[in-house]
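Note sheet for the following structure.
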Amino acid sequence: MFSDLFHRQNFPIWISSALILAVGSYLACSASGTKSGSSWWAPGHSVPPRALKFQRTFGSPGSGPGQFLNPQGISVDPEGNIYVADTGNHRVQKFDSAGRLIEEIGGFGWGEGRFNRPTGLSAREGLNIYVVDSQNRRVQRFDRYLNFLSSIPPSTEEEEPLAFGFLRDIEMAPTGELYVSDEENEQVLILTSFGELERSFGGFTSAADRLRTPAGLTIGRGSAVFVADTGNDRIARYDAFGSFLGSIGQGLLKGPKGVATDGQGYLYVADTGHDRICVFSSQGELLFSLGAAGTGYGSFHSPIDLAVSGTDLLCVLDSGNGRVQIFQIVRRAETEGL
């Protein structure tokens, strides 16, 4: 297992929600839920997002530097650098906040720093970059310069290997624990900071909280765990120990595969089957959605994952279009009076 303790730090978790105001250069979003001008928001409380304003895009379909082939995962580090699991090209690419390629690592294979369809990653901790090496049934850990550090399970015959299925995504909790979605065994694994299996939840023996083809996951305020429960067309919510807390988006979502939160408790969902992004309140109320099938800015083709950068940017991995789209999260205070 890992011989060194990982650096632990509390990171702001970002989330958002409210109605949409499509004005001027703002992208039109379909409003739903709380009425504009209601008194539930007051200065000093969380400020809900009102719209997503397109900022820029980068990437194109292909196998060259800065291009993507069926990418499945995206994450942002504390400095704003963007990491993409370029699944079809068996590599991870790192970009700066403007979308300029910094470096890449990978290529098809089984050795250290090689991948067989990487599908998810987590860079939020900053010092360690965790990559789900799906078809190799492992997680690889790199430093922020993408130098290989270790793997889970370890590449040693001296230790009993963990029985992983085909993994999908990973997130690190503020406490240092790792939450990993196991798509094949339809469960979420909780690993210690040393890479040891602590517990699992949502698997075949579960009832209402049973997951079906879980994909992306994130950790929100209060250590709540949100899982894109793709096969059940919902976001499943659990506490830090794996106790089921309820569902979000049932009847609204179709095959969601990505989920992210912000520091104010709002939830962003890649509603993959509907080619759109949905924004929910912390109570699970749909506030607005953005997008439809297409190739233009603010349109998507199988949006598959997303990540919040800082407090006001949302990075969307538009997988079918082979690109990343970046939006400003416009909150109520910024649109008042427009």
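Close Cβ contacts (under 8 Å, 6 or more residues apart or on different chains) running from residues in the stretch 76-89 that are open to solvent by 10 Å² or more (accessible area, probe 1.4 Å) to residues that are part of a strand (DSSP E or B) and of a type in the set (D, E, K, R) comprise ASN81/LYS94.
Given the criteria of a type in the set (Asp, Glu), modelled with pLDDT of 95 or more and closer than 16 Å to GLY216 by Cα, does ASP318 qualify? Reasoning before the result, please.
Working: of a type in the set (Asp, Glu): yes; modelled with pLDDT of 95 or more: yes; closer than 16 Å to GLY216 by Cα: yes.
Spelling it out, ASP318 is indeed of a type in the set (Asp, Glu), modelled with pLDDT of 95 or more and closer than 16 Å to GLY216 by Cα.
If only residues of the stretch 247-280 that are more than 22 Å from ARG168 (Cα to Cα), surrounded by fewer than 21 Cβ atoms within 10 Å (Cβ to Cβ) and at pLDDT 95 or above are counted, the one that is farthest from the chain's Cα centre (by Cα) is GLY251. When the residues of the stretch 191-220 are filtered to those that are modelled with pLDDT under 90 and open to solvent by 60 Å² or more (accessible area, probe 1.4 Å), which remaining residue is nearest to PHE244 (Cα to Cα)? By that ranking, first place goes to ALA208. In this structure, GLY99 does not satisfy being farther than 19 Å from GLN325 by Cα, open to solvent by less than 50 Å² (accessible area, probe 1.4 Å), outside any strand (DSSP E or B) and modelled with pLDDT of 95 or more.
If I filter the stretch 111-118 for residues that are small (Gly, Ala, Ser), out of contact with any helix residue (DSSP H, G or I) (no Cβ under 8 Å at 6 or more places or on another chain) and under 24 Å from PRO303 (Cβ atoms), do I get at least one hit? Talk me through it step by step, then tell me what you get.
If we filter the stretch 111-118 for residues that are small (Gly, Ala, Ser), which is where we start, we get 111, 113.
Okay, now just the ones that are also out of contact with any helix residue (DSSP H, G or I) (no Cβ under 8 Å at 6 or more places or on another chain), so 111, 113.
After this cut, where a residue has to be under 24 Å from PRO303 (Cβ atoms) as well, the list is none.
No, the stretch 111-118 contains no residue that is small (Gly, Ala, Ser), out of contact with any helix residue (DSSP H, G or I) (no Cβ under 8 Å at 6 or more places or on another chain) and under 24 Å from PRO303 (Cβ atoms).
Within the stretch 110-129, can you find the residues that are assigned to a loop (DSSP other than H, G, I, E, B) and in contact (Cβ under 8 Å) with a residue 12 or more places away in the chain? Selection gives TRP110, GLU112, GLY113, ARG114, ASN116, ARG117, ALA123, ARG124, GLU125, GLY126, LEU127.
Would you mention how many residues in the stretch 99-119 are at positive phi and aromatic (Phe, Trp, Tyr)? So the count comes out to 0.
Against the conditions (1) open to solvent by less than 60 Å² (accessible area, probe 1.4 Å); (2) under 24 Å from VAL227 (Cβ atoms); (3) out of contact with any Ser or Thr (no Cβ under 8 Å at 6 or more places or on another chain); (4) among the polar types (S, T, N, Q), GLN135 satisfies every one except (1). Restricted to the stretch 27-75, and to residues there that are surrounded by 14 or more Cβ atoms within 10 Å (Cβ to Cβ), among the hydroxyl-bearing types (Ser, Thr, Tyr) and more than 15 Å from ILE326 (Cα to Cα), the residue that is modelled with the lowest pLDDT is THR34. Going residue by residue through the stretch 310-327, is there one that turns out to be acidic (Asp, Glu) and crowded, with 24+ Cβ neighbours inside 10 Å? Yes.
The values are calculated or read from the model by the stated rules, or taken from the named source; none is laboratory data. The model shown is predicted, which means the values in this text are computed figures rather than measured ones. In this analysis, Cβ positions are derived from the backbone assuming ideal geometry, glycine residues included, and neighbour counts consider all displayed protein chains. All accessible areas refer to the heavy atoms of the entire protein, side chains included, with ligands and DNA or RNA removed. Shrake-Rupley method; radii C 1.70, N 1.55, O 1.52, S 1.80 Å.
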